[in-house]
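Right, one structure below, let's go through it.
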Amino acid sequence: MLITLCYVYLWLRFRSCYALLIRSAVRQFHRTGSLTFCTSNQEQGRQICSGRQGPGEQELCLRVGNKAFFIDNSQLFEDLTKWSRFLGRPADSDLRVRRIVFIAESASLPGESLSAASRSPKEVQKLSEYCLPLALCHGDSSRILAEASVDRFSELGIAFMEDRLQMDNGSLPQRITSVHLKESVTNKGEVLQEGESVETKSAQEPNVSKSEKKDEMGVSESSEMIHGQDCGGNSSANEGADARKEEEAGGEHLHLHLSSCHECLELENCTIESVKFASAENIPDLPDDISSLEDNSEVSCLKETSNLNRSGKPPNVLIYGGSATPDRLQQVKDVLLQCFDPCRYVVYPLPEDQVSRAPWMDNCLLLVVAAEEPIPSPVQNIFTSYMGSGGKILGLSSSFTFGNLSLQKRSDLQEAPQAFVFDRPGDDQIHFNGIGSGYVYETHGDEVEAWGYMDSDKPDVMMVHQSYGDRGGKAVLCQVRLEMCPQSLMDHDKGTFDSLKQSNPQRHEVLTRILISLGLDCETSSVPSLTPVYLLTARQEDYPDVLQWILSKRNKNGLIKSSKMSLKVCDSLQPSEAVTPSLAPLVTGEQSFMSEDFNLDEYRENLQTERLGKAVLYAEVATSTFNVLDGLMFHEAKEVGLIAIATRQTQGKGRGGNIWLSPKGCALMTLLVSIPLSSPLGQRIAFVQHLMSMAVVEAVRTLPGYEDIELKVKWPNDIYYSNLMKLGGVLVNSTLMGKTFHILIGCGFNVANSNPTICINDLICEHNKRYNGRLPALRVDTLIGRSVTALERLIHVFQKEGPDGVLPSYYKYWVHSGQQIRLGGEDGPLAWIVGVDDSGFLQILQEGKDVVTVHPDGNSFDMIRNLIIPKHS
């Protein structure tokens, strides 16, 4: 008994010390530095990655078990444009000096993330009970931006250190870091739609009066202020005034006796150093029931924070796969993230052993059931209970059914592609090819709506819609494998792959419409934030000369002016530097460049040119690579071969004013090329687009082992898979100045973005399956370097030998050999494609007539229907 009492005393004593330490550090350093709570292993990994092996500017302040608290002497700034903000933001701009903005990170897909929710509810605290979520990170749904008062951030940190903090989706936080925003979140407009917001109530409930709030807290406002004055004297008066001001504005109570009383300040000063390097060895393990040992002040604090609840459900989509393999769960997750913005919804697995234990139903916006084996009755009952409370379910090739619905086995639907029709009431029909699961639905009542069926004489039902209960619960169940991408099929022939790939856009459209019907927002309106432009060179020894040339082109304001987008030359990126469609920083400090999507060493290794592509202007996100080079188009030095490269474009351009979609995984570049008017290519400038298309094809098909990849060119400027699907294009803008053509050659082609159409790595994957090969997938930076190399070689050959030097290779790769077409429409006369003339224009032969030249500016070539259709203004 005595030992137990001693243990309790020691625990309270040490806990009081490190709790005071955290509160003190937060109060002292939140304005001048950054504060980090993290798991020790994660911090060690981050230090190694950043080259920091031990405490430097970031000092270890406290360690409890595997949790650590660090103080960074420098301020960490966060660009708010990288985040998608939530609705429900209260107007509290006057309180910003009293609040802390921070980033909370969790494991992206934690296998055990929901297990923490199975603990006692007294032990686990949700993140939103301490703070107000502000935004989700673009491209990383495991990171959330939030803000809290100084006291609440302290309590949040204490809960994290005591291993009783949980993210609202059930995952465990790994790192919490305070940041300073480059722009104010409080003055920005609403970004996300209402259905996707994570909202929180303010600390003071709107339906609770102040007197009721005081009673609930167990302490009156007057007694708290008296305590503060007694403990801190004059030093607490200002703190008390601040507390009253903040309470009136935001309904938050400050515990003045923890920060301003003389005894606490003395304890704080004497323990700040002694506890600075405390560890698990001198701080006892925490008991299981924390609430039983809390002192009155901390109980009141927890009661206070418990009033901060959210309204509505968070944007969590859970996938239940039963005993499905991780590959299948990842497959389902991938296709979902291709249908909606990953920044709007967070996709997590729902492990089978957590269905009955974890409180997932309150945090789930949509449950995706992808289990193919029979679902246990207890799990089935929980799922129907979820719908009974208003939940939504999407069944993907799943055995899940309810009500007057059952499954009938149809093994003949498992192998070959079948024709299906999506026919949602009140919507346009979508016809597409797909693979069936081997089952069809049988309905036994009128409450089931058939949304999809076989496109055959026997229209077996493949998709159904059902409502459940009187609270809005519903389900859409599907036995067409909408989750399966064509390249994932193991045993199939080329015809199956081609058929499914051609229907890929329709497959995505069907799934998107289903998700919209279940309440998700699948609009593609989210535009990535523009990023700075970096000056790079293919050879390090060229950098000083290129930099000097760039500096010589700026005006007195440091700008390289352009009618489309001006570049502001700077040696390093400043936190306050804005990036707009009309103005972007051009960062000349090459050592500061870092990108996950473009590896400069890979590009350098694959670029084997004398001049082209030697000077690189790279942006992770640009409006258009055309715009990046616009201001330098007529100023290119002879020794500088400029190329603009982007990972993503927000305003990509296509031929005829069309928009070129530019998702991640697409190679995007614009080359600046000068061609003398008197040269062979200058006299036949239309060939430039053909040479660029050829260069992309040769970049792949001249690699050892990749010779048979079915990458081809289509007249006048497209890159195709066989003669079936477009995966790239070329756009050329040329201006004649004096005796020189200044040409911007824009090119975009799909390398690693399989959806919604096709990419080069899909062709490689298909080739490997068909021939049992092991060709590795290709990289964007590799193919850009190889394409530029091939283009320079083709230009040299053309300038030396004319069209005859390149046409044999062009015909080897083009899709039109012996192709028969119709002129003017489906009922027009038949004609045959002969080739291209010496100027690069298409030649066709109509039976009984002479060969006719077709100019691309006057005709549109419909590859799918094999038509040449005159354009009409």
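The values are calculated or read from the model by the stated rules, or taken from the named source; none is laboratory data. These figures come from a predicted structure and were not determined experimentally. Here the Cβ positions follow ideal geometry from the backbone for every residue, glycine too, while neighbour counts run over all protein chains shown. To get the accessible areas, we keep the full protein, side chains included, count just its heavy atoms, and leave off ligands, DNA and RNA. Shrake-Rupley method; radii C 1.70, N 1.55, O 1.52, S 1.80 Å.
For segment 661-692, give me the residue count where each residue is in contact with a strand residue (DSSP E or B) (Cβ under 7 Å, 6 or more places away or on another chain), open to solvent by 50 Å² or more (accessible area, probe 1.4 Å) and either assigned to a loop (DSSP other than H, G, I, E, B) or modelled with pLDDT under 90 (or both).
2
Just name the residue that is nearest to LYS553 (Cα to Cα) out of those in segment 609-632 that are of a type in the set (Val, Ile, Thr) and more than 25 Å from the chain's Cα centre (by Cα).
VAL616
Residue-wise test of (1) touching a residue at least 24 places away in the same chain (Cβ under 8 Å); (2) of a type in the set (A, V, I, L, M, F, W, C); (3) open to solvent by 80 Å² or more (accessible area, probe 1.4 Å).
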residue	(1), (2), (3)
CYS759	yes, yes, no
ASP781	yes, no, no
GLY785	yes, no, no
THR789	yes, no, no
HIS796	no, no, yes
TYR813	yes, no, no
ASP827	no, no, yes
LEU830	no, yes, no
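Within segment 377-395, track down each residue that is surrounded by 15 or more Cβ atoms within 10 Å (Cβ to Cβ) and either polar (S, T, N, Q) or part of a loop (DSSP other than H, G, I, E, B) (or both).
GLN380, THR384, GLY390, GLY391
Take segment 814-832 and flag every residue that is part of a loop (DSSP other than H, G, I, E, B) and at pLDDT 75 or above.
VAL815, HIS816, SER817, GLN819, GLY828, PRO829
Residues ALA91, ALA203, ALA148, ALA135: which one is modelled with pLDDT under 85, more than 23 Å from PRO528 (Cα to Cα) and either outside any loop (DSSP other than H, G, I, E, B) or open to solvent by 30 Å² or more (accessible area, probe 1.4 Å) (or both)?
Result of the check over ALA91, ALA203, ALA148, ALA135: ALA91.
Going by the conditions given, is GLY746 under 19 Å from GLY705 (Cα atoms) and either in contact (Cβ under 8 Å) with a residue 24 or more places away in the chain or surrounded by 20 or more Cβ atoms within 10 Å (Cβ to Cβ) (or both)?
no
Give me a count of the residues in segment 362-376 that are more than 12 Å from ASN316 (Cβ to Cβ), part of a loop (DSSP other than H, G, I, E, B) and open to solvent by less than 10 Å² (accessible area, probe 1.4 Å).
Number of matching residues: 2.
Considering only residues that are assigned to a helix (DSSP H, G or I) and of a type outside the set (Asp, Glu), look in segment 801-811 and name the one that is surrounded by the most Cβ atoms within 10 Å (Cβ to Cβ).
Here the answer is TYR810.
As an exercise: evaluate SER517 against (1) modelled with pLDDT of 85 or more; (2) more than 25 Å from ASP341 (Cβ to Cβ); (3) of a type in the set (S, T, N, Q) and give the number of the one condition it does not meet.
With respect to (1) modelled with pLDDT of 85 or more; (2) more than 25 Å from ASP341 (Cβ to Cβ); (3) of a type in the set (S, T, N, Q), SER517 is out only on (2).
Of everything in segment 584-608, what is open to solvent by less than 40 Å² (accessible area, probe 1.4 Å) and within 25 Å of the chain's Cα centre (by Cα)? Give them in sequence order.
ALA584, PRO585, LEU586, VAL587, PHE593, SER595, PHE598, LEU600, TYR603
Just to be sure I understand, how many residues within segment 558-583 are open to solvent by 80 Å² or more (accessible area, probe 1.4 Å) and under 20 Å from PHE634 (Cβ atoms)?
Residues that pass the stated criteria total 3.
Inspect segment 340-361 for any residue being β-branched (Val, Ile, Thr) and open to solvent by 20 Å² or more (accessible area, probe 1.4 Å) and give the result as yes or no.
No, that holds for no residue.
Taking LYS712 as the residue in question, decide whether it is part of a strand (DSSP E or B), among the basic types (Lys, Arg), open to solvent by 40 Å² or more (accessible area, probe 1.4 Å) and touching a Ser or Thr at 6+ places or on another chain (Cβ under 7 Å).
Considered against the rule, which asks whether it is part of a strand (DSSP E or B), among the basic types (Lys, Arg), open to solvent by 40 Å² or more (accessible area, probe 1.4 Å) and touching a Ser or Thr at 6+ places or on another chain (Cβ under 7 Å), LYS712 comes out as yes.
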